[in-house]
Amino acid sequence: MWQAIQARETGRTPSNSFANRLKSRRISSLQLSNRKDFVSPHRGSVNSLQVDLTEGRYLLSGASDGSAAVFDTQRATDSEASSGLIAKHKCVFSVDKGHEHGHKFAVSSAVWYPIDTGLFVTGSFDHLIKVWDTNTAQAVVDFKMPGKVYRTAMSSLAMSHTLIAAGTEDVQVRLCDIASGAFSHTLSGHRDGVMSVEWSTSSEWVLYTGGCDGAIRFWDIRRAGCFRVLDQLVTQLGVRPPILKHTAVNSKVSAEKSSSGGKNRLKNQHGKHTGSQNMKGSSSTKASVEKSRQKRLHPGMLSTLDRATAHYGVVTGLKATNDGMYLLSAGSDSRIRLWDTQSGCNTLLNFETGRLQTSKAIQLATSDDPALVFVPCMKTVKAFGMWSGRTTLMFRGHYESVNTCCFNSTDQELYTSGADRQILVWSPGGSVEDEMVQNEEVTEDKDNWSD
């Protein structure tokens, strides 16, 4: 470790590569934490977890007993933390059925307001979406939905809107505006309930939805209808090709076209004046036919593309990568697929999955360096390589099925929850200080042995 720090200080190693190498080493050593423990106030299955996007400090949870709680991941509430034992983290506050504005049934989703920790949003099976004030623990806005709320999401990039995307047992996706307290959009296209929703990480206007009909749809909320329906049969082998290679191929094709066009230029000039009127008429008819064909094949309308499916069953989870180039999906067919968001193609990446939950939505998590995907697989959590699909890590600690995974990139910690009502913390095995001390001991032994 000291050698790596010295190389960074002297400029031989870039600071970014040093930080990425350290984070990668910490993530690869994740294990059940023996220093931190969350004291869960929930009396039912924990269905949702999220760390705030502003500080990376406060953990929000929602459970099937109708309660929601907030934890401080950095400051312990128990006095045993000062004596060197396991630090107990009790919830800062919680709202349950006994609260005057609490949910009456299970809380299926709980998300933070992306700009500030002063607000958070909960969705429940009581057909309500509530916006809460964190400081007063009071509900400030209510949205009445037509059915059970499966999942809610807010865009982390939004600068011009404060919309909550809600997936319910109804076939329509509704966008709730916090500023006005009313529905701003209704997105129609799914043929069954919508179990998962996810905003794009590259555009504040693009929304991904996964339904019980097995379809994944891409929406641009500025226009009517979805602009893409993913089809598992439309594939591309591997990840997206590099930009330089793509531009080189395009330049080669354009050069070939220009050379062939130069040879045929004289022939075209000879017959230009004779058939000009016929060409105009034929071009106009072709343009009208192409426009009508594009209208008929629009995915938001009745067409063959509209009936494409991404999974043979319910789409139980969606997760966009941080760069916005790829989308991960999980289904009740126990398959995990990686999609190219630009082309909409299935990359045919084979994830070594086991059994996935089929009756409820699951929450996936990702890490950047190394690129891993954390997936709840019944009572275990598996970490797959994003570009290889191989199982690199496996976490066992829950007694019942796991519902959610949440990765904290600030501390390189993984939080998981499930039907056993527990919230487990998976932290790096050793600290940087311990590694430095080990290196110092090794060097001292070498010196003493040589003397």
- [ ] Please say if the stretch 142-229 is rounded, prolate or oblate, where rounded means a/c under 1.5 for a ≥ b ≥ c the square roots of the C-alpha gyration tensor eigenvalues, and otherwise the choice is prolate for a/b larger than b/c and oblate otherwise?
- [x] oblate
Task: Dipole axis of the stretch 28-154 (+1 Lys, Arg; -1 Asp, Glu on Cβ), positive-most option in 119, 99, 32 - done: 32
Open item on the list: Can you give me the long-range amide H partners of residue 65? Hydrogens built in the peptide plane at 1.01 Å from N, cutoff under 5 Å, separation of 5 or more residues or another chain.
Closed with: 43, 44, 45, 107
Task: trypsin sites (Lys or Arg not before Pro) restricted to DSSP loop in the stretch 99-168 with at most 12 other C-beta within 10 Å - done: 104
- [ ] Return the long-range amide H neighbours of residue 90 (sequence gap of 5 or more, or a different chain), with a cut-off of under 5 Å between placed amide H atoms.
- [x] 39, 77, 78
Task: residue 72 paired with residue 93, simple spin-label distance in nm, labels 7 Å along Cα-to-beta-carbon - done: 1.4
- [ ] Please work out the Cα convex hull volume for the stretch 347-400 and give it in Å³ per residue.
- [x] 92
Task: the stretch 304-439: C-alpha gyration tensor shape, a/c 1.5 cut-off, then a/b vs b/c - done: oblate
TODO: Would you mind computing, in nm to one decimal, how far apart the modelled labels at residue 115 and residue 159 are, each placed 7 Å from Cα along Cα→Cβ?
DONE: 1.2
Task: Too-long pairs where the Cα-Cα distance tops 25 Å, listed order kept, from 104/144; 104/382; 319/379; 319/382 - done: 104/382
Task: Karplus 3J(HN,Hα) series, Hz, for the stretch 64-77 with 6.51 cos²θ - 1.76 cosθ + 1.60 (x for Gly, Pro) - done: 6, 8, x, 10, 9, 9, 10, 10, 9, 7, 9, 10, 7, 9
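I need the chymotrypsin sites (Phe, Trp or Tyr not before Pro) found in the stretch 350-389, filtered to DSSP loop residues with at most 15 other beta carbons within 10 Å of theirs.
Working: sites: 351, 374, 384, 387; in loops: 351, 387.
In loop regions of the stretch 350-389 (DSSP not H, G, I, E or B), the sparsely surrounded chymotrypsin sites (Phe, Trp or Tyr not before Pro) are 387.
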Task: Nitroxide proxy distance, nm - points 7 Å out along Cα→Cβ at residue 43 and residue 237 - done: 5.8
Open item on the list: Using just the Cα positions, wrap the stretch 65-221 in a convex hull and report its mean projected area in square nanometres, one decimal place.
Closed with: 10.7
Task: In Hz, Karplus ³J(HN,Hα) per residue of the stretch 341-352 (6.51, -1.76, 1.60; θ = phi - 60°; x = Gly, Pro) - done: 6, 7, 8, x, 9, 7, 7, 6, 7, 8, 8, 7
TODO: Mind listing the long-range amide H neighbours of residue 365? Cut-off is under 5 Å, sequence gap 5 or more, other chains count too, H placed in the peptide plane at 1.01 Å from N.
DONE: 374
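Taking a 1.4 Å probe, which of 86, 362 shows the most accessible area, and what order do the others take after it? Working shown, then result.
On the way: 86 65, 362 5 Å².
Largest accessible area first, the list is 86, 362.
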Open item on the list: Could you give each residue of the stretch 129-137 its phi-based ³J(HN,Hα) in whole Hz, using Karplus coefficients 6.51, -1.76, 1.60 with θ = phi - 60°, and x for Gly or Pro?
Closed with: 10, 10, 9, 10, 8, 5, 6, 9, 6
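The values are calculated or read from the model by the stated rules, or taken from the named source; none is laboratory data. Note that this is a predicted model, so its numbers are computed, not measured. Here Cβ is always computed from backbone atoms with ideal geometry, including for glycine, and neighbour counts include all displayed protein chains. Note: accessible area is taken over every heavy atom of the protein model, side chains too, but ligands, DNA and RNA are not part of it. Shrake-Rupley method; radii C 1.70, N 1.55, O 1.52, S 1.80 Å.
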